[in-house]
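Working notes, beginning with the structure itself.
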């Protein structure tokens, strides 16, 4: 009975979303305050209904109600409670419910904290959120109903896909969706502004916190997904340029561009049209990602099921929303007035460069992702565009951006002194090279290119600190005064420094792993020792073990350096009983920022086992850098500027409940 | 900027020409990368028709022929990939994916060495799903009239 109520709540939420889609817009057109006042009520009502529906689905998973097809297909009475909860979105229907839940959450947040937006803008923004919600609720109800029953109820479930039985599933999708779907608010603001034909610096100030919050969560979600794939799949890679990864990376790139262009718009009233376009494009890329992942055009760990009607439905949503928004943009963009003037060498100029490089790079990733599909549907020819393509194009295109990043914050608005900024960054460049050469020496050589790459990474880090150093006036005024000045800096300046520093840390990880990683594939017998990264790894033997819902063969290794033991690492091959599916559990040991990574292969007839041993120096930096970027995002969100002035204060607060929801 | 200040037109021109220049570089780079690093997908039956030069990176898909998987010295394995019509021998050094099984779908990436009909793979893919058949493989096999049911076995 309660299950039917879940579906009922979902259908009611559709009705509410349709009301939200229509009445507030009519109100805004006619200047009818009563009609506009429907918007926040409907948005909150829709959120309550979707939450009820989502909660009922989660309850069914928690109590293992196998009369629900979705639970039967993706759960098992024996799996730990955590996986019962995360299993809710470990399948197509449930993940669409999570998508919808987060979309409704963002609508509710706009309703709650957007009280000081101009009434018509708020009504229009919420109505656009209502359109998106209606489309996705309709999609769920018509093609992906998670509340379908099976009669008679089977006694036991078919188990959650073993690869997904990990804490990563509890964290990665919610964070990713908070980012992905968070950009819907920017989209709604852009469409609402185009409908009103009015857009100014205040608009940018309202949009920026939402963009920043979405970007921060997306950063965390992508990094989490990357680390999860790294330790779970047992391939030792952290990024595969897989279309599904690209699907989340493209909104991130566009969102990064949006953050920076909104800054120019807020401060200088320039780049208005461009910022509106970027807001539309960013969410369009989120929608495209949803289409790629959910429609079954790709096969990957993320494509849970492929049903052609779903693909067509999402494609229709994609075409209507992107096409509609871009048409509106084409009709209205000319009526928006162009903004302030600036010299090519200026803070604005640097941010334009940032936008140019980020959008062009996004385009290359898009081409590389879609080209094989387009070619196949046109000519039937099947090709694969993999890492070599992306490393060559994306890697080279990003290079000038990385070089320019430390310059940005040092340049003045309107007109700046490039030579002066270069002089102030001289220390960063020199420090970068010195540290890089020292590391190169301790890693016993390696490609010369590695020195350049690491110098770039340290230049980014020191460059980010240089900005804070100069703003605080360290070296010029007494130390305590400088510290006080540093503490008094706008939070956004500190957030920027964190984010740029984090970027440097990530670049360091990427360069060091590419240049210094060692990989060894060999057959080992018990007692045999192999050397990697200066450590000696001894294979002790295999034991058979039993988990709650799997059996495993566990290989134990002891690690030692120059005679002294450093403990054991174990890696195992599991077979999950319900699906009879094998998986590899990698053995990972972290030393500082570097990691040892062991994956087991097949047992040989003579008792040996194939083992793959990696030494991955500085690899932790890749995700640690993303974490620092995320911290930078949160610091920036707490900026006073985003609080000062009524509407922006509310917008800032809005990010806080979103954070709580993620925990 | 030092010296004389730029006019509005000059500023705009400088920014636009810089942007267009960068886009042209990007387009050339993408075209170059497509010509260099894209690998084509074949099933064994295509190889006789298509003239694949030794050293050209391709993806070879099909089913692992039952009874063909031999574990050689150390970490090298050989197996045969078939589309039920023709068969290609593949050698691979490394750890095969967990779901690599005889009779099931597989995609091997690598190239041929001159004067040798054996395909040298450096990557072997099989998805993490028990009913999986790589989509490329399934499509091509269907096109060749092979009946697929989800759980594939080929004798």
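What to note about this one:
- For the peptides B:60-66, A:366-372, A:196-202, the ranking by mean Cβ contacts within 10 Å, running from highest to lowest, is B:60-66, A:366-372, A:196-202.
- For residue A:145 and residue A:33, the FRET efficiency from 1/(1 + (r/R0)^6), where r spans their Cβ atoms and R0 equals 56 Å, is about 0.90.
- Theoretical gain in end-to-end length, residue A:568 to residue A:328 [0.36 nm per residue, Cα-Cα removed]: 80.2 nm
- Counting only Cα atoms, the size of the stretch A:70-120 along its three principal axes is 52, 19, 10 Å, in decreasing order.
- When only Cα pairs below 8 angstrom with a gap of at least 6 residues are kept, chain A shows a relative contact order of 12 percent.
- Mean separation of Cα pairs under 8 Å and 6 or more residues apart, divided by the residue count, gives the stretch A:500-543 a relative contact order of 26 percent.
- Neighbouring Cβ atoms from other chains, within 10 Å of the Cβ of residues in A:356-368, number 3 on average.
- Shape of the stretch A:389-442, Cα gyration tensor, a/c cut at 1.5: oblate
- Applying 1/(1 + (r/R0)^6) with R0 = 41 Å to the Cβ-Cβ distance of residue A:404 and residue A:82 gives a FRET efficiency near 0.40.
- Each part gets one Cα centre, and for the stretch A:33-64 versus the stretch A:322-383 those centres are 35 Å apart.
- Our helix-only sum for chain A, with -39,500 (n - 2.57) per DSSP H run of n ≥ 4 divided by its residues, gives a mean residue ellipticity at 222 nm of -22000 deg cm²/dmol.
- Relative contact order, percent, the stretch A:472-577 [alpha-carbon distance under 8 Å, six or more residues apart]: 14 percent
- Inter-label distance, nm, simple model (7 Å from Cα along the C-beta direction), residue B:8/residue A:41: 4.9 nm
- In range of the label at residue A:59: residues from the stretch A:1-22 whose backbone nitrogen is under 18 Å from the point 7 Å along Cα→Cβ: A:1-13
- Between residue B:116 and residue A:170, the simple spin-label model (points 7 angstrom out along Cα→Cβ) gives 4.9 nm.
- Partner shielding of A:519-525 amounts to 2, given as the average count of beta-carbon atoms from other chains within 10 Å of each residue beta-carbon.
- Fully extended contour minus Cα-Cα distance, from residue A:603 to residue A:412, at 0.36 nm per residue: 62.4 nm
- What separates the Cα centres of the stretch A:536-574 and the stretch A:224-302 is a distance of 38 Å.
- A convex hull fitted around the alpha carbon atoms of the protein assembly as shown yields 180 Å³ per residue.
- The packing ranking of peptides A:587-597, B:41-51, A:242-252, highest mean first, is A:242-252, A:587-597, B:41-51, where packing means the average number of other beta carbon atoms within 10 angstrom of each residue.
- Dimensions of the stretch A:1-139 based on its C-alpha atoms, expressed as ranges along the principal axes with the largest first, amount to 57, 24, 20 Å.
- In terms of Cα atoms, the Rg and Dmax of the stretch A:464-544 work out to 23.5, 66 Å.
- From the Kirkwood radius over Cα pairs of the stretch A:224-271, Stokes-Einstein at 25 °C and 0.890 mPa s returns a whole-number translational diffusion coefficient of 193 µm²/s.
- Among the residues of A:385-394, the average count of other protein chain beta-carbon atoms within 10 Å of the residue beta-carbon is 5.
- Gap separating the Cα centres of the stretch A:478-501 and the stretch B:11-89, nearest whole Å: 49 Å
- Here the calculated FRET efficiency for residue A:112 and residue A:4, from their Cβ-Cβ distance with R0 = 35 Å, stands at 0.70, rounded to the nearest 0.05.
Taken together, the values in this text are just the output of simple stated rules run on the coordinates, not laboratory data. Please read these numbers as outputs of a predicted model, since none were measured by experiment. Don't worry about glycine lacking a Cβ; one is built from the backbone with ideal geometry, like all the others, and counts go over all protein chains shown.
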